Amino acid sequence: MSFSSPNAPAFAILLSTTPRLFIAGLISYMLGNILNSKVLVKLKERYNDQLFVRCILSTVIGETV
């Protein structure tokens, strides 16, 4: 299907970045979750009885990715 509008080049530029943004978002989401899990394990060794501190700190660190 051909799109013959005066705005076609602008749409092509806009939509050409979509796959790259999707892949970058997916990779950062996965890395953030992995980092969150690893930090949570390390914090459990240090703050064994303080679940709230562990969860908050690991989430903050994981979300910065």
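Coordinate-derived values only; no laboratory data. Owing to the predicted nature of the structure, the values given are computational and were not obtained by experimental measurement. As a convention, Cβ positions derive from the backbone with ideal geometry for all residues, glycine included, and neighbour counts pool all protein chains shown.
List of remarks:
- Applying both filters, DSSP loop and at most 10 other Cβ atoms within 10 Å, to the chymotrypsin sites (Phe, Trp or Tyr not before Pro) of the chain gives 3.
- Efficiency of FRET from Cβ geometry, residue 18 and residue 44, R₀ 35 Å, rounded to 0.05: 0.35
- The C-alpha atoms of the chain define a longest principal axis, and helix 51-63 lies at about 30 degrees to it.
- Relative contact order of the chain, taken over Cα pairs closer than 8 Å and 6 or more residues apart, is 35 percent.
- Chain lengthening between residue 59 and residue 11 when straightened (0.36 nm per residue, less Cα-Cα): 13.6 nm
- Rounded to 10°, Cα long-axis angle of helix 18-46 versus longest principal axis of the chain: 0 degrees
- Dimensionless Rg ratio for the chain, taking C-alpha atoms and the 2.2 N^0.38 Å reference: 1.89
- Under the convention that each Lys and Arg Cβ holds +1 and each Asp and Glu Cβ holds -1, the size of the dipole of the chain around its Cα centre is about 180 debye.
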